Amino acid sequence: MNEMGAAALSPPAGTLDRDSLVEGILRLKSERAAILLAHYYQDAEIQDIADFVGDSLELAKAAQRADAKVIAFCGVRFMAEVAKILNPAADVLIPDLEAGCSLEESCPPDAFARWRASFPGAVAVTYINCSAAVKALSDVIVTSSSAERIVRQIPADKTILFAPDRHLGAYLVRVTGREMVLWPGTCIVHEQFSHKALVELKLEHPDALVAAHPECPEPILAEADHVGSTSSILRFVQESSGSEFLIATEPGIIHQMEKLAPGKRFIAVPGGSGECACNVCPYMRRNTLTNLYACLRDGAPRLELAEELRLAALKPLQRMLEMAAAPAAGRG
Ligand code: 13P
Ligand code: SF4
């Protein structure tokens, strides 16, 4: 159905209750031959109607293989951009184009280009949480689940520049033993976790295991029993014999934990003073059932990328997919 056709038959999103929104989204999804991809940091009600929920690498691969006219992407804008770069034939819709990322904002392409140029011969290894323009200036992209494996494949005589997350970068330096020059960006969500609150929670729950995302600062990671991407944390809580877990990543993922590991208890580590909701990603949570419904109804907002930029950003993303699939190099 064309955009006008779908819109004409659909009531305004603001007038619908939750059940009608869900019903409308599923109907529009089928009318538009769309696939709905969602990150673990989305609201539970969006995760529950998604065709696929995953971490950044899994979402990139799901978008690439999607045989659908339309990809409705519930995540942040850089993730939707990656979907468009890897699957240009699909229309990529995102409920809110303002769903950015503090890491992306910390790394403007012109400043990144100057930084890169000041290290001739270095390899620019860039976290996927950045704009398409920064990707286009990079040698290889990594996600939290593929970064260690990829860094270990960079020839030992090369200087590595790592942008934009300095905490993930510092974690990689610790686990691989490779020195890297770090861009000073941070995730405003993971940077907020309160070390004091975490230590207090550990005292209250002495048998609980701590799972943390590598975007957290080092003092939080030092308390963790497991550090990894969102999917890796999810696997950890499922496979572990522990029954109680302290979770130092965005709490949206706890919904999947409760579904996949019923009977276990998950406690979100608080951010800031322990009283704010600052461990909830304000960018991810811009997507709601209401604007997802409106976006499927209107066929907009739609991700647009100039073909030249798409092709330039595709190269380091393809390198990521190849290097992420290569056999793991030995731990140094
Ligand atoms: P993952 O790839 O681990 O899902 O991370 C995405 C992200 O933005 C974490 O803040
Ligand atoms: Fe960006 Fe942090 Fe939100 Fe992930 S949680 S999208 S890194 S701001």
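Translational D (Stokes-Einstein, µm²/s) of region 29-160 at 4 °C and 1.567 mPa s when Rh comes from the Kirkwood sum over C-alpha pairs?
82 µm²/s
What number, in percent, do you get for the relative contact order of region 62-214 if the mean sequence gap of Cα pairs under 8 Å and at least 6 apart is divided by its residue count?
Reported as a whole number, the value is 18 percent.
How high is the relative contact order of region 190-332, in percent, with contacts defined as C-alpha pairs under 8 Å that are six or more residues apart?
Rounded, it is 21 percent for region 190-332.
Who wins for biggest fluctuation among E250, E215, E307 in a Gaussian network model of the chain, springs between alpha carbons below 10 Å?
Largest GNM mean-square fluctuation: E307.
Could you check what % of the DSSP bridge pairs in the chain are antiparallel, to the nearest 5?
5 percent
Fewest first, what order do K135, K196 take by the number of other Cβ atoms within 10 Å?
Fewest-to-most ranking of K135, K196: K196, K135.
Remind me, relative contact order of the chain in percent, using alpha carbon pairs under 8 angstrom and six or more residues apart?
Result for the chain is 23 percent.
In Å³ and rounded to a whole number, note down the convex hull volume per residue for the Cα atoms of region 175-262.
Once divided by residue count, the hull of region 175-262 is 109 Å³.
Taking the mean number of other Cβ atoms within 10 Å as a proxy for protection, how do you rank 142-149, 206-213 from highest to lowest?
142-149, 206-213
In Å, what Kirkwood hydrodynamic radius results for the chain from the alpha-carbon pair distances?
20.5 Å
Out of the DSSP beta bridges found with both residues in region 189-332, what percent are antiparallel (nearest 5)?
10 percent
For a protection proxy built on the mean count of beta-carbon atoms within 10 angstrom, sort 314-324, 70-80, 99-109 highest first, please.
70-80, 99-109, 314-324
Strictly over 24 Å apart at the Cα level, which of K84/K315; K69/K259; K61/K158; K84/K158 would you flag in this model?
K69/K259; K61/K158; K84/K158
Compute the Cα gyration tensor for region 140-187, then decide on rounded, prolate or oblate, letting a ≥ b ≥ c be the square roots of its eigenvalues: rounded whenever a/c is under 1.5, prolate when a/b is larger than b/c in the other cases, and oblate in all that remain.
prolate
Going by a ≥ b ≥ c, the root eigenvalues of the Cα gyration tensor, does region 98-181 fall in the rounded group (a/c under 1.5), the prolate group (a/b larger than b/c) or the oblate group?
oblate
Rounded to the nearest 20 Debye, what is the dipole magnitude of the chain about its Cα centre when Lys and Arg each give +1 and Asp and Glu each give -1 at the C-beta?
860 debye
Since every read-out is calculated from the coordinates, none of them should be taken as a lab result. Remember, it's a predicted structure, so these values are computed and weren't measured experimentally. No Cβ is skipped: glycine too gets one built from the backbone with ideal geometry, and neighbour counts run over all protein chains shown.
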